[in-house]
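The values are calculated or read from the model by the stated rules, or taken from the named source; none is laboratory data. It should be emphasised that the depicted structure is a prediction, and the values quoted were computed from it without experimental measurement. Glycine also receives a Cβ, built like all others from the backbone with ideal geometry; neighbour counts cover every protein chain displayed. The accessibility values were calculated without ligands, DNA or RNA, using every heavy atom of the protein model including side chains. Shrake-Rupley method; radii C 1.70, N 1.55, O 1.52, S 1.80 Å.
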Amino acid sequence: KQWYQRRVAITAGEEEKKELLRAIPGVFDFTNYYAVRYQHLHLDALARAHSDKAETFSIGTSYEGRDLKAIRISNNLVNSDSKPMIWVDGGIHAREWVSHTVVMYFANALLGEVEQQKQATFNSLLDKYQFVLLPMSNPDGYEYSRSSNRFWRKTRRPSGCKYNNCNYGRCYGIDPNRNFDADFGNKGVSRNPCSDVYPGKQAFSENNTKAMRDYILKNLSQIKLYLSFHSYSQLFLKPIGYTTRKPKDYATHDAAGSAAVSAIRNTYGKVYKNIRSVELYPTSGSSQDWAYLKGIVHSYTIELRDTGRYGFRLPAREIVPTGKENLNAFIALLNQL
């Protein structure tokens, strides 16, 4: 079994390298995983092509100076400021490449570039809501995962020294999904600044988590759904992650999760489990829990394909089916609001 797992990992890595070599500079599509600049250029191109429905803007900049670029989409955009808001983000963990690509797929679907058969449904939703999508919430970490360490998870800000002694080497990065102010620093974290789950010295120490916090708080009264995409494991995760005590909205969360995983299963037969985050493992400082504690009742995380064969190295051929099944889950969630 161990030999087989190693062989699969090697094969997945080789396949991914070949896929990346096929990417055409300056082009964005859903047949590959692309650099941040091409994602941002594509968002801007969408906004230009649909100027009555979409605009791009930056909610801040990363530690290394990259834009945290979002796109806002609604019918009659200029008069949409008072509509209820739907927030979707991806890419908070650098190595989870399919997560931000699925959010990009959502942006294209809402604007009719893909999923044309669903346009009547989307048109109705765009009349009702304004959608704010932040596909790439950790651009520094993602670029590092492309260039240096494929399994990098965190941000890239210097975080301390190994064994508290810089003679042994320096540590980099904070886990952004342990950096939100929700039972900060207690469960599922490490005090070792080199650890993948190092939460930082204080909540919202990172440029990206701080920018997300500020934008969400500014629009808090309007946000009806907070949805964050991760990979992998095929899970629909509900609040709360740091205690086994069920929240008061447990029944609402469970119904939403059931609707989402049923929609996914009805697409290609993929099974996503509907569980509370704490049932996966206890964690403090997640974006989902922070959003829920701030009053966004419908706050969820979806862990995308697969269940471990490829793991973080999900082949690019899986992007579109993953996008399609989760778009159906997204529509099911909106119908629960």
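Remarks
Residues checked against (1) open to solvent by 30 Å² or more (accessible area, probe 1.4 Å); (2) out of contact with any helix residue (DSSP H, G or I) (no Cβ under 9 Å at 6 or more places or on another chain):
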site: 32; (1), (2): no, no
site: 48; (1), (2): yes, yes
site: 63; (1), (2): yes, no
site: 67; (1), (2): yes, no
site: 75; (1), (2): no, no
site: 87; (1), (2): no, no
site: 99; (1), (2): no, yes
site: 107; (1), (2): no, no
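- All of 121, 155, 101 fail the test of being hydroxyl-bearing (Ser, Thr, Tyr), in contact (Cβ under 8 Å) with a residue 24 or more places away in the chain and assigned to a loop (DSSP other than H, G, I, E, B), apart from 155.
- Filtered by the rule that a residue be among the small types (Gly, Ala, Ser), surrounded by 15 or more Cβ atoms within 10 Å (Cβ to Cβ) and under 24 Å from residue 285 (Cα atoms), segment 242-259 gives 256, 257.
- Scan of segment 109-130 for residues that are farther than 14 Å from residue 319 by Cβ and either open to solvent by less than 10 Å² (accessible area, probe 1.4 Å) or in contact with a Leu (Cβ under 8 Å, 6 or more places away or on another chain) (or both), ordered by number: 110, 111, 113, 118, 122, 125, 126, 129, 130
- Complete set of residues in segment 228-241 that are over 17 Å from residue 90 (Cβ atoms) and either assigned to a strand (DSSP E or B) or open to solvent by less than 10 Å² (accessible area, probe 1.4 Å) (or both): 238, 239, 241
- Segment 297-332, residues that are farther than 16 Å from residue 102 by Cα and surrounded by fewer than 22 Cβ atoms within 10 Å (Cβ to Cβ): 297, 307, 308, 309, 310, 332
- Residue in segment 45-55 that is under 19 Å from the mean Cα position of the chain (by Cα) and of a type in the set (A, V, I, L, M, F, W, C) present: no
- Test: residue in segment 196-208 that is small (Gly, Ala, Ser) and open to solvent by 40 Å² or more (accessible area, probe 1.4 Å): no
- Flag if residue 225 is of a type in the set (A, V, I, L, M), outside any loop (DSSP other than H, G, I, E, B) and under 28 Å from residue 198 (Cα atoms): yes
- The lone exception for residue 94 - which of (1) touching a Pro at 6+ places or on another chain (Cβ under 8 Å); (2) among the aliphatic types (A, V, I, L, M); (3) assigned to a loop (DSSP other than H, G, I, E, B) it fails: (1)
Conditions (1) in contact (Cβ under 8 Å) with a residue 12 or more places away in the chain; (2) touching a helix residue (DSSP H, G or I) at 6+ places or on another chain (Cβ under 8 Å); (3) not in a loop (DSSP other than H, G, I, E, B), marked per residue:
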| position | (1), (2), (3) |
| --- | --- |
| 256 | yes, yes, yes |
| 265 | no, no, yes |
| 290 | yes, yes, yes |
| 314 | yes, yes, no |
| 328 | yes, yes, yes |
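- Of 319, 302, all but one fail to be outside any loop (DSSP other than H, G, I, E, B), under 16 Å from the mean Cα position of the chain (by Cα) and more than 15 Å from residue 237 (Cα to Cα); the exception is 319.
- Subset of segment 178-195 (residues that are of a type outside the set (Asp, Glu) and open to solvent by 20 Å² or more (accessible area, probe 1.4 Å)): 184, 185, 186, 187, 188, 189, 190, 191, 192, 194, 195
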